[in-house]
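Notes follow the structure.
The values are calculated or read from the model by the stated rules, or taken from the named source; none is laboratory data. In this text, all values refer to a predicted model and were calculated from it rather than measured experimentally. Here the Cβ positions follow ideal geometry from the backbone for every residue, glycine too, while neighbour counts run over all protein chains shown. Only protein heavy atoms, including side chains, enter the accessible area calculation; ligands, DNA and RNA are left aside. Shrake-Rupley method; radii C 1.70, N 1.55, O 1.52, S 1.80 Å.
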Amino acid sequence: MEINNEKLLTALSDRNDVISAINNYTDYDDEQLLKLKKFFNLTQFEKDLMYLCAKEGSVIEVAKLYGCSRQYIYKLLNKIKLKLQ
């Protein structure tokens with residue numbers, strides 16, 4: 001499989017606006033703030049992967065964007081999930 005950079009960049013084009021809006025919201029409780037702190041400690045790739053999975057709603061589509069198997073995306077998402085616990 002091959003990565004399609006144009007499609008990937010297009011899919012990520014509004015990512016910064018969404019993350020900025022999340023970061024600028026001020027009415028979080030302590031538990032939510034802890035989750036946000038953990039999220040912002042992820043690598044950029046991990047944040048992008050989570051964003052794309054939420055936006056696309058399909059691991060299959062995200063795997064196509066990255067040119068890899070969906071099993072690999074699931075493996076990465078499980079690692080991210082552990083970091084966020």
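Please compare each pair in K35/K83; K37/K75; K7/K81; K7/K83; K37/K64 to a cut-off of 20 Å on the Cα-Cα distance and tell me which ones are over it.
From K35/K83; K37/K75; K7/K81; K7/K83; K37/K64, over 20 Å: K37/K75; K7/K81; K7/K83; K37/K64.
Find the eigenvalues of the gyration tensor of the Cα atoms of the chain, then list the square roots of 5 times those eigenvalues as equivalent ellipsoid semi-axes, largest first, in whole angstrom.
25, 16, 9
To test your reading of the geometry: what angle, between 0 and 90 degrees and rounded to tens, separates the Cα axis of helix 15-24 from the longest principal axis of the chain?
Once rounded, one gets 10 degrees.
With a 1.4 Å probe and every protein chain kept in, tell me what percent of the accessible surface of the chain is carbon plus sulfur.
Ligands and nucleic acids excluded, carbon and sulfur give 52 percent.
Around Y28, what is the net charge, scoring Lys/Arg as +1 and Asp/Glu as -1 over all other residues with Cβ under 14 Å from its Cβ?
Surrounding charge for Y28 is -1.
Among the aspartates and glutamates, which have Cα under 14 Å from the Cα of K38 when same-chain residues fewer than 8 positions away are ignored?
D30, E46
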